[in-house]
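Have a look at the structure below before the remarks.
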Amino acid sequence: MSRAVNIAELRDNTSELLDAALQGEEITICRRNVPIARLTALANAKNRTKLGFAPGVIVFDVEGPAIPEDEWEMLAPREGE
């Protein structure tokens, strides 16, 4: 499947067009209706990020805060309160 979009549409719908490309769609990018580029997914395009699996990575509980709540500046009382 293929579709053509102008630069303004690409700018306004980048996330959706990237998702379409990842689903196998080929997107032709045009400037004033003249094709100038093609957006396609890479063959090995998948997220391979794994938290805590690199040497020297500090592993912490990702379901809780990374720093203790008593160190959160936003919870400190403001002057005059």
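Can you bin the range 1-46 into rounded, prolate or oblate? Criterion: square roots of the alpha carbon gyration tensor eigenvalues sorted a ≥ b ≥ c, rounded for a/c under 1.5, prolate for a/b above b/c, oblate for the rest. Before the final figure, lay out each step's value.
Values: a/c = 2.35, a/b = 1.66, b/c = 1.42.
Note, shape of the range 1-46 comes out prolate.
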(request) Rounded to whole Hz and in sequence order, give me ³J(HN,Hα) for the range 10-26 from the Karplus expression 6.51 cos²θ - 1.76 cosθ + 1.60, θ = phi - 60°, writing x for Gly and Pro. (result) 4, 5, 6, 10, 4, 4, 5, 5, 5, 4, 4, 5, 5, 7, x, 7, 9
(message) Considering only protein heavy atoms and a probe of 1.4 Å, how much of the accessible area of the range 4-46 is carbon and sulfur, as a whole percent?
(response) 49 percent
(request) Quick one: which residues, 5+ away or cross-chain, put their amide H under 5 Å from the amide H of residue 28? H built at 1.01 Å from N. (result) 3, 4, 5, 39
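The values are calculated or read from the model by the stated rules, or taken from the named source; none is laboratory data. In this text the structure is predicted, and so the values were computed from the model without any measurement. Heavy atoms of the whole protein, side chains included, go into the accessibility calculation; ligands, DNA and RNA do not. Shrake-Rupley method; radii C 1.70, N 1.55, O 1.52, S 1.80 Å.
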